[in-house]
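Visitor: I am attaching a structure below and will ask some questions about it afterwards.
The numbers here are math on the coordinates, done by the rules we state, and not lab data. Owing to the predicted nature of the structure, the values given are computational and were not obtained by experimental measurement. Methodologically, a virtual Cβ is constructed for each residue, glycine included, from the backbone with ideal geometry; neighbour enumeration extends over all protein chains shown.
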Amino acid sequence: MKTLPPGSTIGILGGGQLGRMIASAAAQLGYRTHVLAPDRESVASQTASSLTRADYHNKVVLADFAAQCDVVTYEFENIDVGPVAWLADRVAVHPSPESLRVAQDRVTEKRFVEGVGGRPARWAAVATRSDLDAALAAIGTPAVLKTTRFGYDGKGQTRIASVDEADAAWDAIGGPAVLEAFVTFTHEFSIVLVRAADGTMTSYPPPWNEHRDGILHRSTLPAPAAVAAQWTEAAALTGRIAEALGHVGVLTCEYFAGADGPVFNEMAPRVHNSGHWTAEGAVTSQFENHVRAICGLPLGDTAVVADRVEMENLIGDEWQRWPELVAAPDTHLHLYGKREARPGRKMGHVTRLTRR
Ligand code: AMP
């Protein structure tokens, strides 16, 4: 892969906070960024060089976008593969549409991970109401029913405590789904890995991720011993997934620390909320490393720079604590520039560093 010199343009599909932070990292390295997103409010465009507000399926727009970009990336996985593959025929797209295709469908994702020796929770594909009965008979309860596609932040999933809840769960999900056994775990953690086109890979030490209502609440490093004990195995599996996908850029895998080792939960072919701590807590941020990988630059050091790092999300109205947070020592406040704070919406985060 040839190195893209500073001054080149990175296209970003998606206009959310991840695109916003990728655009800032790109600007630091002298790149221009062009966001393509249909949303009325694209907070990525506030830090990007330019914005095209349009539907991803508009071929005229896509052709123009491809002509203006030297490389294209995406900042979320709920985008159809069609337009991304169409772009990939005209301009370099990293990660490839294949990473997107695998990561956006829970059935494909689990099969893929099993194929490289990973272990998800016991699961069954559920296409119809009667499939759900068969799956519950095979997997038992408690279990979690998740939509196959387009789930995020705990949305598109429902817990099933006993078989009498099957009708309600099916009504709530109402389409192609997977049933997963409910995993008993001590902690959740993630591996944020970055892979260059020449196959070089590096990953960050894993944070312990605590969720509330299915949404990431806090990531802490160093993670407790139960996570540290599973770090090597989870990092190796994430590496095998990246390798098998031919992934270029950041790839994040989420795990449960189970009694018998790491249980794979899900992957994201992109920078991830559980890697936000790297902006101040690591030598090189996940955003900069993503830009480095997709532009053919050498990857940066992933070492942690403090004794303890904690990243806490500001969800909904929590962002209003900003005057207190911005005044606190060793606390880095990030606000995403969103106009409206709806319940459950990620509005910002803070990262706290502790040095002994
Ligand atoms: P997901 O969007 O699939 O990552 O799920 C959101 C959160 O729900 C996870 O971070 C877990 O806290 C919980 N969760 C999801 N699947 C399971 C499972 N099979 N067993 C136990 N907890 C789960």
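Visitor: Take the Cα coordinates of the chain, assign each an equal point scatterer, and use the Debye formula without solvent to give log10 I(q)/I(0) at q = 0.06, 0.09 Å⁻¹.
Guide: The Cα Debye sum returns log10 ratios of -0.21, -0.49.
Visitor: While we're looking at this one, here's another question. Once you charge only the Cβ atoms, +1 for Lys and Arg and -1 for Asp and Glu, what is the size of the charge dipole of the range 151-244 about its Cα centre, to the nearest 20 debye?
Guide: Details: 6 positive and 12 negative charges, 80 e Å.
Here the range 151-244 has a charge dipole of around 380 debye.
Visitor: A 29 angstrom limit on the alpha carbon distance is what I want to check against. Which of Lys2/Lys110; Lys2/Lys155; Lys110/Lys346 exceed it?
Guide: Checking Cα-Cα distances, Lys2/Lys110; Lys2/Lys155 exceed 29 Å.
Visitor: Which shape class, rounded, prolate or oblate, goes with the range 170-253 when its Cα gyration tensor gives a ≥ b ≥ c as root eigenvalues, a/c under 1.5 marks rounded, and past that a/b bigger than b/c marks prolate? Don't jump to the answer; show the numbers that get you there.
Guide: Details: a/c = 2.16, a/b = 1.27, b/c = 1.70.
Judged from the Cα gyration tensor, the range 170-253 comes out oblate (a/c at least 1.5, b/c at or above a/b).
Visitor: Let me ask something else. Rounded to whole Hz and in sequence order, give me ³J(HN,Hα) for the range 88-97 from the Karplus expression 6.51 cos²θ - 1.76 cosθ + 1.60, θ = phi - 60°, writing x for Gly and Pro.
Guide: 5, 6, 10, 8, 4, 10, 10, x, 6, x
Visitor: In debye to the nearest 20, how big a dipole does the chain give about its Cα centre with +1 on each Lys and Arg Cβ and -1 on each Asp and Glu Cβ?
Guide: Numbers: 34 positive and 41 negative charges, 131 e Å.
My answer is approximately 620 debye.
Visitor: For Ala168 and Thr3, what is the calculated FRET efficiency with R₀ set at 56 Å and r taken between the beta-carbons, to the nearest 0.05? Intermediate values should be presented prior to the final figure.
Guide: Numbers: r = 54 Å, r/R0 = 0.97.
Efficiency, from the Cβ-Cβ distance: 0.55.
Visitor: Expressed as a rounded percentage, what relative contact order does the range 199-301 have, with Cα pairs under 8 Å and six or more residues apart?
Guide: Details: 127 pairs, mean separation 20.3, N = 103.
Once normalised by length, the contact order is 20 percent.
Visitor: Grab the DSSP H runs of the chain that are 4 residues or longer, score each as -39,500 (n - 2.57), total them, divide by all residues and round the 222 nm result to the nearest 500 deg cm²/dmol.
Guide: Details: 12 runs with 104 residues, N = 356.
Rounded to the nearest 500, it is -8000 deg cm²/dmol.
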